[in-house]
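Asks: Quick one: this structure, given as structure tokens, is what I'll be asking you about.
Quick note: the coordinates plus some simple rules give every number you see, no bench work behind them. Remember, predicted model here, so these are calculated numbers, not experimental data. Using ideal geometry, Cβ is built from the backbone for each residue, glycine included, and neighbour counts are taken over all protein chains shown.
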């Protein structure tokens with residue numbers, strides 16, 4: 001053998017030897033694929049809705065007119081009176097006696113006016129999002145006091161140009177209120193549109209509930225929800241939806257608390273209140289933030305049904321927000337609050353021949369909603385909460401023992417307040433304890449094993465509100481960056497691994513309007529025409545759409561991956577599809593390679609699904625202009641059936657691997 005051939009041969013042997021050593025040194029993630037540890041509840045990954053950040057009015061509730069019933073503290077807030085030919089007193093706000101839900105209305109006196117002489121213009125919620133070619137449905141309650149007055153309806157763009165409109169000629173005279181509706185199409189798209197009504201004729205007309213909806217609401221329901229926002233929720237396939245909050249359940253004081261019975265029935269009979277986020281933060285004033293309850297409890301239940309999620313309503317327990325007034329109802333006067341809870345269960349689950357079952361049926365849903373969960377109190381704490389909770393629990397369980405009750409663990413995941421509640425709730429054998437954590441990314445990484453030592457047979461956990469804070473809690477500088485989202489992905493491996501303890505989890509808050517937010521970070525951002533999911537949204541969606549049915553023991557060197565080599569992992573089985581699903585968060589800035597061993601499995605499909613969510617920049621954001629900057633990439637990979645699965649984990653990445661068993 002000549003020297004040249006010997007040299008090549010030697011290099012080849014060296015390469016094979018090196019490859020063998022590298023292969024042998026690759027750490028192995030071992031999944032006991034035939035030995036399920038615990039069931040994963042269908043409710044494991046859900047969503048939490050609260051009317052914060054213009055989440056409802058100006059958000060998922062598709063009404064375009066702000067202050068449509070003139071019930072804001074300033075009756076004409078959101079409206080501008082246009083006068084070219086009018087006198088003082090021709091436009092006034094009146095207050096009718098006997099109607100406590102909606103007493104105010106506007107009166108217009110037209111004195112031989114033409115179009116352009118006298119009118120009112122509504123600015124919408126940070127403007128109105130108008131779409132070219134789309135139909136818009138106008139409706140109004142009116143009363144012709146005398147004469148004949150026509151209504152010229154106009155959509156106008158940011159420059160004042162007319163981009164759609166029609167003429168409404170009221171058909172009724174007299175002192176009785178009547179509802180009239182008409183539709184027209186928009187001729188242009190505009191993000192900052194307005195809506196104007198000119199009054200023509202001679203006479204006096206009263207108006208109330210001045211309303212304008214786009215036709216493209218969710219499921220095309222008249223007076224319904226904004227479709228693109230709801231679609232983002234439906235795409236997550238959430239196991240539950242918690243509503244209506246959040247701190248609005250408690251209210252600034254008890255008069256301001258959320259009262260579900262007042263959100264039912266015709267919209268003109270639903271009593272508006274100030275939104276408690278209206279005055280909460282001096283750094284984000286929101287004087288025009290109210291709750292009209294066009295989106296009420298019936299609509300919430302209907303939404304849960306639409307997207308295949310369990311409903312999780314939260315009710316006031318006789319305590320206002322402890323950060324505000326800390327007002328409480330005396331325990332001997334709790335009966336109306338308890339009755340509200342019992343009536344809600346009847347509203348959701350009873351047949352139409354019952355009092356509250358009939359209310360539901362009359363609203364268009366004869367079949368029960370099959371409510372299984374109910375939250376008592378939001379983020380309450382202290383002995384005053386425990387005292388009231390015990391009374392609620394006794395009354396509800398006596399009549400509806402199958403209803404699972406969610407109880408508050410307070411505002412923080414540790415400290416004296418948490419320790420007291422945790423001890424008391426467990427002594428009560430609480431069904432579900434709601435823990436909240438708004439913390440730094442580092443906290444989420446360090447707490448991936450938080451539930452490893454929790455009692456497997458005790459009260460279950462609802463991770464009810466959590467979000468990594470890029471700056472600090474309640475900071476205007478918090479951002480939905482990739483570093484925060486990745487830390488949540490890592491933490492959630494611990495929630496999933498402990499599904500025997502953790503039965504429910506939801507990020508919070510859910511929605512935020514780009515110009516109307518009070519709190520950040522948030523899962524989904526919107527403006528008047530657009531919406532996008534943050535990196536955090538994509539993490540939540542990857543978990544909820546890759547949920548599986550059972551936890552599998554998943555280890556490296558015999559231990560769960562809870563930060564070793566900056567890796568976090570969970571493995572699960574989906575018995576419905578007969579797939580093993582591995583989730584791995586690599587929070588390091590280095591690529592890492594792992595072999596995956598499916599212990600106990602002899603055969604698997606060589607075609608596997610690989611989904612990777614990554615970005616080299618931890619500060620990376622999604623925006624309206626670049627909504628997919630951090631978004632998952634899915635591909636089919638081919639595996640070697642005779643070897644362990646080789647998995648390359650990119651730096652700063654979250655990886656989901658689905659392998660079908662044969």
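Asks: So what are the three principal axis dimensions of the range 79-214 from its Cα atoms, in whole Å, longest to shortest?
Replies: 40, 33, 26
Asks: What translational diffusion coefficient, to the nearest whole µm²/s, does the range 489-629 have by Stokes-Einstein, given a Kirkwood radius computed over alpha-carbon pairs, a temperature of 37 °C and 0.692 mPa s viscosity? List each step's numbers first, then the result.
Replies: Values: Rh = 17.2 Å.
Once the numbers are plugged in, D ends up at 191 µm²/s.
Asks: What list of whole percents do you get for P(r) of the range 473-542, with Cα-Cα distances grouped in 5 Å bins up to the one holding the largest distance?
Replies: 4, 15, 24, 23, 16, 10, 5, 2, 0
Asks: Tell me the Kirkwood hydrodynamic radius of the chain in angstroms, computed as one over the mean inverse distance between distinct C-alpha pairs. List each step's numbers first, then the result.
Replies: Values: mean 1/r = 0.0366 Å⁻¹.
Result for the chain stands at 27.3 Å.
Asks: Under a crude label model (7 Å from the Cα following the beta-carbon direction), how far is residue 557 from residue 73 in nanometres?
Replies: Using points 7 Å along Cα→Cβ, the separation is 6.0 nm.
Asks: Moving to a separate point now. Can you pull the percent of Cα pairs in the range 577-662 with separation above 22 Å?
Replies: Values: 1207 of 3655 pairs.
Result: 33 percent of Cα pairs exceed 22 Å.
Asks: Please work out whether the range 523-583 counts as rounded, prolate or oblate from its C-alpha gyration tensor, where a ≥ b ≥ c are the square roots of the eigenvalues and a/c under 1.5 means rounded, while otherwise a/b larger than b/c means prolate and anything else oblate?
Replies: Note, shape of the range 523-583 comes out oblate.
Asks: A further question on this structure: Angle check, please: helix 227-236 long axis (alpha carbons) against the longest principal axis of the chain (alpha carbons), in degrees 0 to 90, nearest 10.
Replies: Here the helix axis deviates by roughly 30 degrees.
Asks: Could you tell me how many degrees, from 0 to 90 and to the nearest 10, lie between the Cα long axis of helix 482-497 and the main elongation axis, the longest principal axis, of the Cα atoms of the chain?
Replies: Taking Cα atoms only, the helix is inclined about 70 degrees.
Asks: Could you order the peptides 100-112, 483-495, 296-308 from most to least packed, using the average number of other C-beta atoms within 10 Å per residue?
Replies: Working: 100-112: 17.8, 483-495: 26.8, 296-308: 20.3.
Those peptides, ordered most packed to least, come out 483-495, 296-308, 100-112.
Asks: Here is a further query. If I model a spin label at residue 602 and residue 628 as a point 7 Å from the Cα along the Cα→Cβ vector, what separation in nanometres do I get?
Replies: In this crude spin-label approximation the distance works out to 4.3 nm.
Asks: What is the distance, in nm, between label points placed 7 Å from the Cα along the Cα-to-Cβ direction at residue 188 and at residue 26?
Replies: Modelled inter-label distance: 6.0 nm.
Asks: The range 519-541 to the range 272-317: how many Å between their Cα centroids?
Replies: 18 Å
Asks: From Cα pairs below 8 angstrom and at least 6 apart in sequence, can you work out the relative contact order of the chain, rounded to a whole percent?
Replies: Details: 1587 pairs, mean separation 102.3, N = 662.
Reported as a whole number, the value is 15 percent.
Asks: Set the Förster distance to 30 Å, then compute FRET efficiency between residue 650 and residue 473 from the Cβ-Cβ distance, nearest 0.05. Intermediate values should be presented prior to the final figure.
Replies: Working: r = 30 Å, r/R0 = 1.01.
Once rounded, the FRET efficiency stands at 0.50.
Asks: Could you work out the helix-only [θ] at 222 nm for the chain, with each DSSP H run of four or more residues adding -39,500 (n - 2.57) and the total divided by the number of residues, to the nearest 500 deg cm²/dmol?
Replies: Values: 10 runs with 127 residues, N = 662.
When only DSSP H runs of four or more count, the value is -6000 deg cm²/dmol.
Asks: Further question: What value does the range 239-434 have for Rg/Rh, both radii from Cα atoms and Rh as Kirkwood defines it? Don't jump to the answer; show the numbers that get you there.
Replies: On the way: Rg = 16.7 Å, Rh = 17.4 Å.
Reported Rg/Rh (Cα atoms, Kirkwood Rh): 0.96.
Asks: For helix 416-427, what angle does its Cα long axis make with the longest principal axis of the chain, in degrees from 0 to 90 and rounded to 10?
Replies: That works out to roughly 80 degrees.
Asks: Now a separate question. Counting pairs of alpha carbon atoms under 8 Å apart in space and at least six apart in sequence, what relative contact order in percent does the range 239-434 give? Provide the component values of the computation, followed by the final result.
Replies: Numbers: 320 pairs, mean separation 37.3, N = 196.
Computed value for the range 239-434: 19 percent relative contact order.
Asks: Residue separation times 0.36 nm, minus the C-alpha to C-alpha distance between residue 588 and residue 456: what's the value? It would help to have the intermediate numbers written out before the result.
Replies: Values: separation 132, 0.36 × 132 = 47.52 nm, distance 3.16 nm.
Full-extension gain reported as 44.4 nm.
Asks: While we're on this one: Nearest-5 percent of antiparallel DSSP beta bridges in the chain? Don't jump to the answer; show the numbers that get you there.
Replies: Numbers: 107 of 145 bridges.
Taking every DSSP beta bridge with both residues in the chain, the antiparallel ones total about 75 percent.
Asks: Nearest 0.05, what FRET efficiency do residue 268 and residue 202 give at R0 = 25 Å with Cβ-Cβ as r? Don't skip to the answer; put the middle values down first.
Replies: Details: r = 28 Å, r/R0 = 1.11.
So, using R0 = 25 Å, E works out to roughly 0.35.
Asks: Once the Cβ-Cβ distance between residue 96 and residue 255 is put in as r, and R0 is 25 Å, what FRET efficiency do you end up with, to the nearest 0.05? Intermediate results must be reported in sequence, preceding the final value.
Replies: Details: r = 22 Å, r/R0 = 0.88.
Efficiency, from the Cβ-Cβ distance: 0.70.
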